[in-house]
Amino acid sequence: MAEIRVRNLPDWLVSWYKESAEQHGTTLEGYMRQMLQESALTQQAACASELQQGLNELAQKYPVMSDSTLVIHEVRDERS
């Protein structure tokens, strides 16, 4: 697993997260790991939702066209 180090955080911010970690019965490191994961998953879900909405809009605007392969083969066969 990768490691990161965040420097120059305000003291009040570190204290706030330490207190939150204690209230959740975990270490500061564990709590920050959980917060980072939840944030990333929330952002990914929002992005996926936006993409799905865009796909739905495109599908409404440009419906799936029927396969023209059979028609093309028929036309080719008529010319032969």
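Since every read-out is calculated from the coordinates, none of them should be taken as a lab result. All values reported here derive from a predicted model rather than from experimental measurement. Cβ: placed from backbone, ideal geometry, glycine included. Neighbour counts: every protein chain shown.
For segment 12-43: of the residues being hydroxyl-bearing (Ser, Thr, Tyr) and exposed (fewer than 12 other Cβ atoms within 10 Å of the Cβ), which is nearest to the chain's Cα centre (by Cα)?
Checking each candidate, the answer is Thr42.
Quick check on Ser66: is it exposed (fewer than 10 other Cβ atoms within 10 Å of the Cβ) and small (Gly, Ala, Ser)?
Yes: the conditions hold for Ser66.
Gly30 - would you say it is of a type outside the set (A, V, I, L, M) and at positive phi?
no
I'd like to verify a number: residues in segment 4-23 that are small (Gly, Ala, Ser) and over 18 Å from Gln37 (Cβ atoms), how many?
Going through segment 4-23 one residue at a time, the tally reaches 1.
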